[in-house]
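Please treat every number below as a calculation from the coordinates, not as lab data. All values reported here derive from a predicted model rather than from experimental measurement. Neighbour counts run over all protein chains shown; Cβ positions are idealised from the backbone, glycine included.
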Amino acid sequence: MHALLNEGREAGASLPHSHTQLAWLEEPPPAVRAEEGGGECSVCRHLRAELASGERLVLERGGLVVLAAYGGRLPYELLIAPLEHPSETAFESELLAPALRLLSESLRRLHTLEGPVPVNAWLHDRGHWHFEVLPRLTVFAGIELGAGIYVNSVAPEAAAVALREAK
């Protein structure tokens, strides 16, 4: 299953009102499988490094963390994840509702900074479940689409500071 949000026409929303979708897939999508590389959990490794640096930390609350994505594809890209490696899926976790509240709070903070913006968000529900949030403040062009090289005009460290200070 792939849970997602497409908010705004520029983010691919097919309906004019806010809504989420669940797509039932027979197997995990390639992006989720790529995170499962053998050995140590890639999300645990990433969280450990990010918390040690603290530069991209936006919020930490109730066993969850919000980070400005290291090497984000677009300004204010975020990761929301449990601090500890979960033993259950997101849909079985008591942390899912608080994670959704953090997602909502993160979007409110972003709207304070940038106004209403189109956004995509999705849940990776295998291994160390997490949300990825991709505000659509710029448009992917030839370098992003053709070469897979993303140009982000806001450093994630600056995005984290701005989001921490926004209320």
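Modelled spin-label separation between residue 73 and residue 22, with each label point placed 7 Å from Cα along the Cα-to-Cβ direction: 2.5 nm. At full extension, residue 158 and residue 84 could sit 24.1 nm farther apart than now, given 0.36 nm per residue minus the alpha carbon distance.
Quick one: net charge of residue 116's neighbours, Cβ under 14 Å, K/R +1, D/E -1? Intermediate values should be presented prior to the final figure.
Values: positive: 9, 108, 109, 136; negative: 7, 10, 114.
Surrounding charge for residue 116 is +1.
Show that you can apply the helix-only estimate: for the chain, add -39,500 (n - 2.57) for every DSSP H stretch of four or more residues, divide by all residues, and state [θ] at 222 nm to the nearest 500. Provide the component values of the computation, followed by the final result.
Numbers: 5 runs with 52 residues, N = 167.
The helix-only estimate for the chain comes to -9500 deg cm²/dmol at 222 nm.
Of the two radii for segment 1-156, the radius of gyration is 0.94 times the Kirkwood radius, both from the alpha carbons; that is the Rg over Rh value. Descending by average beta-carbon neighbour count within 10 Å, the peptides 22-34, 72-84, 4-16 line up as 72-84, 4-16, 22-34, the highest first.
The modelled label-to-label distance between residue 138 and residue 9, using points 7 Å beyond Cα along the C-beta direction, is 2.3 nm.
Using Cβ point charges alone (K and R +1, D and E -1), the dipole size of segment 49-118 about the Cα centre works out to roughly 300 debye.
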